[in-house]
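The structure appears below as structure tokens.
The values are calculated or read from the model by the stated rules, or taken from the named source; none is laboratory data. Quick caveat: nothing in here was measured; it's all calculated off a predicted structure. Note: ideal-geometry Cβ built from the backbone for every residue, glycine included; neighbour counts use all protein chains shown. In case anyone asks, the SASA skips ligands and DNA or RNA and just uses the protein heavy atoms, side chains included. Shrake-Rupley method; radii C 1.70, N 1.55, O 1.52, S 1.80 Å.
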Amino acid sequence: MGRIENKVGLITGGGSGIGRAAARLFTREGANVVIADIDVEGGERSLQLVRDDGNEAEFVPTDVSKSTDIKALVDHVVTAHGRLDFAYNNAGIMGEMVAVTDLGEEAWDHILETNLKGTWMCLKYQIPQMLKQGHGAIVNTTASAGMKGGSPHRSAYAASKAGIVSLSKSAALEYAEYGLRINVICPSHTRTPMLEQYFELRPDLEAEFIAQAPMGRIATPEEVAEGALWLCSDATSFITGHVLAVDGGYLCR
């Protein structure tokens, strides 16, 4: 317990799935957390679950595709708590599963703006505050699709997640000398509401994904959240530019 005791941070995409699991885990470990999500109902539900655990947090409605929302989120954290020790940039969407030539330009832009541009804008506003402090840890969420490529019918999603890896490594090198750590967490298929929606549309996918997993199952949001917590904690004080796979061996195949 207390691996990030009294640290102040934010979690985007905290209204469900991995982000919700992270909000509950991080607050149990003693952090002061601001939950951010475009889904107000989901964000409020995550906040209530944190309180049901006997802990406290805040929820700030945030659209990570809008720079004004991200700036306001970071400003809120600093105004309310005086600093920003960590940021878990987890918000993202998968979009529709279609072939490259069937994907519309608007759909492509929406996925890239939310996942890749959204992560870049988070860094743009989080890093200056951390530079003022002389310390800070940032964790960005990618996906096995962005590491391995070859994800049929998920080209925009895979491209956006691959971009997050390169963006994060570049930023890690730029700011390492200033006491900032920027890492990436890479989950494979994880049992989140977003994934469950695809299973409802394509019931065959669940068995397919399980068959691809060396450990023979799909990850839980809590397992991914544990990895993100580790990267945000002082236990990884000499780790930056790293991609932590929480994938049950998927990328080893």
Within segment 228-253, which residues are free of Cβ contacts under 8 Å to residues at least 60 places away in the same chain and either in contact with a Pro (Cβ under 8 Å, 6 or more places away or on another chain) or among the polar types (S, T, N, Q) (or both)?
237, 249, 252, 253
Taking the options 235, 245, 162, name whichever one is at pLDDT 95 or above, open to solvent by 10 Å² or more (accessible area, probe 1.4 Å) and touching a Cys at 6+ places or on another chain (Cβ under 6 Å).
245
The residue from 12, 79, 68, 27 that alone is in contact (Cβ under 8 Å) with a residue 40 or more places away in the chain and of a type in the set (Ser, Thr, Tyr) is 12
Going through segment 134-150 one residue at a time, which ones are in a helix (DSSP H, G or I) and open to solvent by less than 20 Å² (accessible area, probe 1.4 Å)?
144, 145, 146
Out of contact with any strand residue (DSSP E or B) (no Cβ under 8 Å at 6 or more places or on another chain) and buried (at least 24 other Cβ atoms within 10 Å of the Cβ), is that true of residue 70?
yes
Within segment 80-92, is there a residue that is out of contact with any strand residue (DSSP E or B) (no Cβ under 6 Å at 6 or more places or on another chain), over 24 Å from residue 196 (Cα atoms) and open to solvent by 30 Å² or more (accessible area, probe 1.4 Å)?
yes
Can you give me the number of residues within segment 7-23 that are surrounded by fewer than 24 Cβ atoms within 10 Å (Cβ to Cβ) and out of contact with any helix residue (DSSP H, G or I) (no Cβ under 6 Å at 6 or more places or on another chain)?
1
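Here's the yes/no breakdown for (1) in a strand (DSSP E or B); (2) among the hydroxyl-bearing types (Ser, Thr, Tyr); (3) open to solvent by 20 Å² or more (accessible area, probe 1.4 Å):
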position: 5; (1), (2), (3): no, no, yes
position: 27; (1), (2), (3): no, yes, no
position: 36; (1), (2), (3): yes, no, no
position: 42; (1), (2), (3): no, no, no
position: 56; (1), (2), (3): no, no, yes
Let me spell it out: the conditions are (1) open to solvent by 10 Å² or more (accessible area, probe 1.4 Å); (2) in contact with a Lys or Arg (Cβ under 9 Å, 6 or more places away or on another chain), and residue 31 meets all of them except one. Which number is the exception?
(1)
Does segment 77-105 hold any residues that are part of a helix (DSSP H, G or I) and within 10 Å of residue 10 (Cα to Cα), and which are they?
77
